[in-house]
1. Only Cα pairs under 8 Å and at least 6 apart count here; give the relative contact order of region 98-257 as a rounded whole percent.
2. Under the definition of Cα pairs under 8 Å and six or more residues apart, what whole-number percent is the relative contact order of region 3-61?
3. In the Gaussian network model of the chain, springs joining C-alpha atoms below 10 Å, which of L76, L212, L163 carries the largest mean-square fluctuation?
4. Looking at the chain, how many pairs of lysines come closer than 18 Å at the Cα, when each pair is eight or more places apart or spans two chains?
5. What's the Cα-based Rg to Rh of the chain, Rh via Kirkwood?
6. Per DSSP H run of at least 4 residues, take -39500 (n - 2.57); add these up for the chain, divide by its residues and hand me the 222 nm value, nearest 500 deg cm²/dmol.
7. What is the local net charge at K127, summed over the other residues whose Cβ is closer than 14 Å to its Cβ (Lys, Arg +1; Asp, Glu -1)?
8. Once you have a ≥ b ≥ c as the square roots of the Cα gyration tensor eigenvalues for region 21-147, tell me rounded if a/c is under 1.5, and otherwise prolate or oblate according to whether a/b is larger than b/c.
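Derivation of every value follows stated rules applied to the coordinates shown; laboratory data play no part. The structure presented is a predicted model; accordingly, all values stated were derived computationally and were not measured. Glycine gets a Cβ as well: all are built from the backbone with ideal geometry, and neighbour counts include every protein chain shown.
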Amino acid sequence: MGDSEGRLAGKTAVVVGAGQTPGETTGNGRATALRFAQEGAHVLLVDRDDASVKETQEMVLEAGGRADVFVTDIALADGPADIAAAASATLGRIDILHNNVGIGMGDGGPTGLTEEGWDRIFDVNLKAMWLTCKAVVPIMRKQQGGSIVCVSSIASICAAPNLTAYKVSKAGVNALVHQLSVTNARHGIRVNGIMPGFIDTPMAVDAPAKLLDISREDLAGLRGQMVPLNNRQGSAWDVANAALFLASDEAAFITGALLPVDGGQSARIG
């Protein structure tokens, strides 16, 4: 890990949401942090869960990569600005910002969802992501370059009856990607989005399975049946590899893109 010839050699990266909820598999943020470090980036790992993000750091360091930790909650008023300040102090510059934080708990149908549930999901999924970008973009403008990757969801473009606030907030993330990409292109800043489909992560499988009182294997199987490509879920490494491409110089002429990583699910029902 930390290959001097890697695809992100000599670059710095901030991964917001680099910890994960407990579970049997790897989360998208952790996988992306590990992949970035594997390809040579010095990574600042950001999460509100101190123990989980330090576990990610240990995994990076054990594999020979470079990683520092900053613990904060992006939903706090000062969280986004604190991330930008910590990144500048720790990394010296910010080449890559990867926004991975998102929640869906407390959601429901359009008439059943509470106002509190709506506000909480929007505060985390959209407002905090916007504020984090708002804090980092001026730093990238001074550098005259940078890459921002925002994790959205295919829920933003597909029917999701019981995910009202999640769906609308992720549609907002898509719009934010477009706005940021167009307004920052002349500064050499690229902004792209990833729309994961059914990915086998602890947040998407283990946590809901516990709430539904079914086995994770049964839930994973049900989710996999809805995916056209081999009737299986993707893994966090599929998302991480997409993030690596968009963050790297291989995507130097790509901005404003929304990349589905979903085994063809959005093509079938979107």
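1. Numbers: 223 pairs, mean separation 38.9, N = 160.
Computed value for region 98-257: 24 percent relative contact order.
2. Relative contact order, region 3-61: 42 percent.
3. L212
4. Details: K11/K142; K127/K167; K127/K170; K134/K142; K134/K170.
Number of lysine pairs found: 5.
5. For the chain, the value is 0.95.
6. Rounded to the nearest 500, it is -13000 deg cm²/dmol.
7. -1
8. Judged from the Cα gyration tensor, region 21-147 comes out oblate (a/c at least 1.5, b/c at or above a/b).
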